[in-house]
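The next block holds one structure in the form of C-alpha cells; read it before the comments.
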Amino acid sequence: MTFRDTIQAALHYEPYDKLPVVSFGYWAETVHKWADEGHITREEAEDYCHSGDNGSGDRSIMKKLGFDFNWNSCVGAACDLFPRFEEKVLETHADGSQVIRDSSGLIVMVKPGVVSIPAEIGTSLTGRKVWEEEYLPRLKFSMDRINQKALEALKDDTNRDLPIGIHCGSLVGTMRNLLGVEQFSYLIADDFDLYLEIIDTMDTLCYDCVKAMLDTGAKFDYGHFWEDICFKNGPLMVPAMFDEYVGPHYKKITSLLNQHGIDIVSVDCDGCIDRLIPTWLANGVNTMFPIEVGTWNANIAPWREQYGKELRGVGGMNKTVFARDYKAVDEEVERLRRLIELGGYIPCPDHRIAPDAKFENVQYYCDKMQNLKL
C-alpha cells in the first residue's frame, strides 16, 4: 500500500499494512539548534525555514528523523489579504524593542531575542471606513491568487505515493489575525454588522479559491482548514455564534470537496476545541488536528465516545516528551497505541517540535512508531 492508500484506509476504518509516522514540522529555533549540534546541516535548517512544510529541507530532516511525511503537505491559494500590507516600523525603543505594523495590519511589539509570538498592541482595522478603503479591496477574488503551476503538477496522480491536501483557508482564524484577539472580541458589540460582513467576505473568498483550484482538475487526498481560534480554556468566539454564522460557510466548502471525491476534511486549531467540534462535524469537517494535548489533556478517546466514528483525528502525540528521555517516549507510545486501536486515528506530534526537543528522542520515537505492532 502507498502512504496515500494507508491514510485513506486508516481514516475510513479499513485494514492497512503499517501506520505512517506523521510529522507537523518544527520551530525555526529547533532546526537551528539541531544544526548547531551537528544532527542536520545548516543548509537543511535554512531550507526548512525558507520553504517550510514539505519543502526539500523538511523532507531531508524527516528522513533523518524517521518521519514518513508531514500532514501539512497542502497546496492552497492566497485566501487572505492580497497584496498584504508592507511591514512598517512605527517606533523603536531604547531597549531595541520595536512597534511594528505587520503584513496583516496588526500592530505588534517585537522584542530582541524573544522568539514567542509578538505582543499585540492594536490593529489598523479600526472601523468600517478603513475596512472598505484598505482591507476590502485586498479581499477580492482573482485568479492571481491561484498557483497554476503547482496545480498543474497535481492533475496526474497515478504515481503519487504521498497524500496531498487542498488548503481551504481560514474562515475565522485569519479574521482574528487581522483584528487581534481584543478587537476581534469587542467588534461583536462595537459593530456587529461589520463583524458579520468580515466573516462573509473572507469565507466567500475561501470558497471561491477552493472552487478555482478544484476546477483546474488537480487531484487531492483531503481538505484542510486552518483556524487557531481557541486557547487553553476554550474558544475565542461564542460557540453558538460560530455555529450560526460560520457553520454554513464550512458546509458550502465541504460540500464542494465532497463533489470532487474528497471526504476527509481536517481542521488545524490549537487550544481546547471541544465546544467547536459539534459545528465542525455537522458541517463536514471530520478530522481534528493537531489535537494539542496541552494542560487540558486533549485526547481523541472521549470525543470518539461522544460523537462516534464520524470523528477522526490526526495528532495528539504529547511532544513535550521529546525534552525528557526514552522512558517518557516509551510511555507516550504505549498511550498512543491504545488510541490507534480505536481506529480513524493517526498520531502526530501535537504541534511543531519545540527547541527543547532532543534530536535523539525524536529519532527514538519515530523508530518505535515505525516498528509498532498493532
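The values are calculated or read from the model by the stated rules, or taken from the named source; none is laboratory data. A quick note: this is a predicted structure, and the numbers were derived from the prediction, not measured. Cβ: placed from backbone, ideal geometry, glycine included. Neighbour counts: every protein chain shown. We work out accessible area using only protein heavy atoms, side chains counted, and drop any ligands, DNA or RNA first. Shrake-Rupley method; radii C 1.70, N 1.55, O 1.52, S 1.80 Å.
Listing for the model above:
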quantity: Inter-residue pairs, beta-carbon under 6 Å, first over 17 Å from Val265 (Cβ atoms) and in the stretch 226-249, second open to solvent by 70 Å² or more (accessible area, probe 1.4 Å) and at pLDDT 95 or above, 6+ apart; calculated: Gly234/Arg275; Pro235/Arg275; Pro239/Arg275
quantity: Boolean, Leu65 is under 30 Å from Gln363 (Cβ atoms), in contact (Cβ under 8 Å) with a residue 40 or more places away in the chain and open to solvent by 50 Å² or more (accessible area, probe 1.4 Å); calculated: no
quantity: Odd one out for Lys319 among (1) of a type in the set (D, E, K, R); (2) crowded, with 22+ Cβ neighbours inside 10 Å; (3) within 14 Å of Lys232 (Cα to Cα); calculated: (3)
quantity: Selected residue (criterion: nearest to Leu171 (Cα to Cα)) from residues of the stretch 238-255 that are of a type in the set (A, V, I, L, M, F, W, C) and out of contact with any strand residue (DSSP E or B) (no Cβ under 9 Å at 6 or more places or on another chain); calculated: Val246
quantity: Pair list, Cβ under 7 Å, 6 or more apart: the stretch 136-147 residue of a type in the set (A, V, I, L, M), other residue in a loop (DSSP other than H, G, I, E, B); calculated: Leu139/Leu81; Ile146/Ala77
quantity: Every pair of residues 6+ apart whose Cβ atoms lie under 8 Å, when the first sits in the stretch 259-271 and is over 25 Å from Gly234 (Cα atoms) while the second is of a type in the set (Val, Ile, Thr) and buried (at least 20 other Cβ atoms within 10 Å of the Cβ); calculated: Ile262/Ile166
quantity: In the stretch 219-230, the residues that are open to solvent by 10 Å² or more (accessible area, probe 1.4 Å) and either modelled with pLDDT of 95 or more or of a type in the set (Gly, Ala, Ser) (or both); calculated: Lys219, Phe220, Asp221, Trp226, Cys230
quantity: The stretch 252-283 - residue that is closer than 23 Å to Ala9 by Cα and hydroxyl-bearing (Ser, Thr, Tyr) and, of those, surrounded by the most Cβ atoms within 10 Å (Cβ to Cβ); calculated: Ser266
quantity: Subset of the stretch 204-218 that is among the β-branched types (Val, Ile, Thr) and not in a loop (DSSP other than H, G, I, E, B) - its residue that is least open to solvent (accessible area, probe 1.4 Å); calculated: Val210
quantity: Criterion (closer than 30 Å to Ala35 by Cβ and open to solvent by 30 Å² or more (accessible area, probe 1.4 Å)) met by exactly one of Arg138, Arg84, Arg128, Arg101; calculated: Arg84
quantity: Subset of the stretch 329-374 [among the polar types (S, T, N, Q) and open to solvent by less than 20 Å² (accessible area, probe 1.4 Å)]; calculated: Asn361
quantity: Any chance Val181 is modelled with pLDDT under 95 and of a type in the set (A, V, I, L, M); calculated: yes
quantity: Enumerated strands (runs of 3 or more DSSP E) restricted to the stretch 73-140, each holding at least 3 residues that are among the aromatic types (Phe, Trp, Tyr); calculated: none
quantity: Any hit, the stretch 341-359, residues being under 15 Å from Leu11 (Cα atoms) and over 23 Å from the mean Cα position of the chain (by Cα); calculated: yes
quantity: Test set (1) open to solvent by less than 10 Å² (accessible area, probe 1.4 Å); (2) within 27 Å of Lys309 (Cα to Cα) - Phe184 fails condition number; calculated: (2)
